[in-house]
Amino acid sequence: MSETPEITPSTDRAPDDQAPEHAADVLKARRAKLQALQAAGEDAFKVKFERTHLIGDIPALVPNLEPGGETKLHVRVGGRLMAFRRQGKLVFADLVDASGRIQLLAQANRLGERFNRLDDLDIGDWVGVWGSVIRTKRGELSVAVEGFDILTKGLRPLPEKWHGLKDVEGRYRQRYLDLIANPEARAVMQTRSAAIAFIRSWLMDRGFIEVETPMLQPVHGGALAKPFSTYHEALNMHLYLRVAPELYLKRLVVGGVERVFEINRNFRNEGVSVRHNPEFTMLEAYQAFADYHDMAELLEGLVSEASLATTGGMKVPYQGDTLDLTPPFRRARLVDLVREDGVDVEGDLVAECDRLGVKVDPGWPWGKLLLELYEKKVERNLMQPTFVMDYPKEVSPLARTHRSDPRFTEHLDLVVAGMEVGVAYSELTDPIDQRRRFEAQSEDRDHEAHQVDEDFLKALEYGMPPTGGLGFGIDRFLMVLADQPSIREVILFPAMRPEEGVPQQAEGKAETASKDKPAIIEELKAADDLKAADDLKAAIQSAIPELAAAVVAAMPEIGTAGRRAADSAARRAAGAPSAKADHRTAPHSPEQIPQLLVVGTGKVASALACLGERSGFHVRVAAGPDAYSVGEFEGADEVIVTPEPHDVEALRPDASTYVAICSEVNEFAEEVLQTLMPSEVPYLGVMLKKGKAAAAFKRLGKLGFDEQKISRVHMPIGLALRSQSPEEIAISILAEIVAIRRGAEGYGAG
RNA sequence: GGGCCUCUAGCUCAUCAGGUAGAGCAUCGGACUUUUAAUCCGACGGGCAGGGUUCGAGUCCCUGGGGGCCCA
């Protein structure tokens, strides 16, 4: 007892009062310097500094300068201050611009008064310096400073000078720091730029012209990949971000553009990995009067010449191996490669897959099984550049059937370092065959399958000349050229989850979230990509002003169906007064009024009751063991105290009753759920966190309820809107109920 | 989606068995006219979030979040 008073006050205050200040110490020091500068009338963010020389150009101008020597070469250079070595009345510093690094030498006796102003400088500042070029006694080429200007004051410290920035997350999120601190990052960027510039001019030298085709496409095609979808408000239509430019480039070939290419971004709505980024850069090229053999030669030339141009050779190191990119590359048929791997390709491929541990669907056609075997067992082992020739017809819907073996297409992949970096086809020019292939694909109802692009088929019907086409993954090729193990190293800003706006725990954050709402609304007003939500915002605002911000904030996360549902919830909310009047004037026809049974009395339950009532539901609240504030309930038509799970059942929820279990007592919530399982209610939502919900589902399964009953159970409750505050969660719940009630696409029971 | 790993000061890393968290660089104060990962003296600064176990948690457990790798 006597010890605690001594300890608690001091330890309690230390973290609360001091921690934030300490954490920002370095930043505060910089800000203080900035303010001191500005108070002295110095502009810390200057508009312009005239340079006479780039740093990197200086050494060549003074080739024979001896250590200790001076020149009359006066230079004005500008750059970022990267190191600072004080030596009393002598200061050495390193100045870096895009062309190189040079040492600055500042001497007190030369600079006089201005020498003390060096104190204003920090590592990381951009400074302009003038002086003469000298070489120090130790032989370092330097600028003997005669004067300097702070051009831009840096307010944050740079990463450590020796180790740089190593944390990969930091390097990707703050690539500018990576570029400042790590020369390799700059080198990769430069290699990338050089390679793309080379490829462009190399193709142009061969008579190809560069075009840009739509990234927003009404029908996605040209590759087997899941697209990103978006919506064009003015035209009121769905669009897809392209997965490939292929079908447009081919239209150009139909139009008589005999050699055409595009280097640009493709978007695929798939996972990220060391070889995949959702947006990536692709070269596609088409050449009339060519076949896939010609395109293979083109690829060979491209790869070897680009390697020579950017790395100085055709043998490049890659992750401990040496890749020989000298043409010609090995050519091998896909089926032969699989056979060489010990697979009986003429036998039962399902059995072979089974034997080799390759998981497949026994219903797959031969070609798909073959491809699966190739991808799982062969591809990653192909280190040296290899053209994998002749893909099975079933998996290659855009390539022409092989001229001598109809099981295959004239489709090849260029594999380097176990990665598919390029692809080439003898293009399919027969519109009737093309239609058949599209339709066969569509029937698979595979997400990745091609849609039938009628407009493209029409173009083909006008006639496309014999054509070879190629696709070339720029990012993966850069991995090879720059010897990088991950695609994220060659993409400046790879896809990452945003650091800020991380969803917080719903209940704990409730109060601060509602306090922040005005701020959120302001932020939303500043954002211009929310125009699409204006109508909806207005509808909601007219009904429940407080909640508008929550819905609008969630809008980017809401899919089409959810958006429709929220819209309908909002409109109902807007029209709620009349609905309420209706059911009050006709109290004897309650079966026409949807019932909302809210279990629990927490903040979410309270918000939901209010929202449900205004949306035209007859709201009953079952106050469970957590009922400490039952009197305050607004919106509920009835509040019934139900301390035990079976008391809820006694309320006889029926086929028109939507049940939202929002009790904060998890055990009670789950027991109520189990009690209500046999009932006919169309919706049973339970507010449980992900992990607990999964466990609860398992227990439901063990209790032997049938699938149909289980499928109407929604845990965690509500649409995935990343709701935070209780009000937001209530909206997500009501939106889900509306979606189910109105039969919104994809939200039926099951 | 599954598995493994990871998150400690602004940066790079320690903390081997749960017992008042250390260093280097950076920052701040001081010394120093040829340094260049300058050096020397001194100072400031920290456990991803939330729970749990414990007399006591950076360390063990759970949940959540970010990231990496492998598999699907």
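A short reminder: the numbers here are calculations on the coordinates, not readings from a lab. As the structure is a computational prediction, the values presented were derived from the model and not from experiment. Here Cβ is always computed from backbone atoms with ideal geometry, including for glycine, and neighbour counts include all displayed protein chains.
Please give the residues of the range A:84-103, grouped as numeric ranges, whose backbone N is less than 16 Å from a label point set 7 Å along the Cα-to-Cβ vector of A:Lys137. Flagged as within label range: A:87-92. Applying the criteria of a DSSP loop state and at most 14 other Cβ atoms within 10 Å to the trypsin sites (Lys or Arg not before Pro) of the range A:71-140 yields A:Lys89, A:Lys137, A:Arg138.
Give me the base-10 log of I(q)/I(0) for the range A:188-293 at each q in 0.10, 0.18, 0.22, 0.24 Å⁻¹, Debye formula, one uniform scatterer per Cα, rounded to two decimals. Log10 of I(q)/I(0), two decimals: -0.34, -0.99, -1.21, -1.27.
Find the Cα radius of gyration of the range A:134-217, compare it with 2.2 N^0.38 Å by division, and give the number to two decimals. Kindly include the intermediate steps, with their values, before the conclusion.
Numbers: Rg = 20.8 Å, N = 84, 2.2 N^0.38 = 11.8 Å.
Taking the Cα Rg and dividing by 2.2 N^0.38 Å, one obtains 1.76.
Just so you know, the Cα atoms of the range A:304-354 work out to an Rg and Dmax of 17.2, 48 Å.
If R0 is 60 Å, what FRET efficiency do you get for A:Gln319 and A:Ser679 from their C-beta distance, rounded to 0.05? My answer for the efficiency is 0.50. Working ranking of peptides A:243-252, A:452-461, A:40-49 by packing, defined as the average number of other Cβ atoms within 10 Å per residue, highest first, is A:243-252, A:452-461, A:40-49. Report the Cα centroid-to-centroid distance between the range A:712-730 and the range A:172-249 in angstrom, as an integer. Each part reduced to its Cα centre gives a spacing of 36 Å.
Taking 7 Å steps out from each Cα toward its Cβ at A:Glu233 and A:Glu667 produces label points 5.1 nm apart.
Which whole-angstrom value gives the distance between the alpha carbon centres of the range A:83-99 and the range A:283-339? Each part's Cα centre sits 47 Å from the other's.
The Cα atoms of the range A:348-491 cover 45, 38, 31 Å along the three principal axes, with the biggest extent listed first. Between A:Ile710 and A:Asp647, the simple label model (points 7 Å from Cα in the Cβ direction) yields a spacing of 3.1 nm.
Among the listed pairs A:Lys72/A:Lys137; A:Lys48/A:Lys153; A:Lys250/A:Lys458; A:Lys359/A:Lys692; A:Lys226/A:Lys368, give every one whose C-alpha distance is greater than 20 Å.
The pairs that break the limit, which is 20 Å between Cα atoms, are A:Lys359/A:Lys692.
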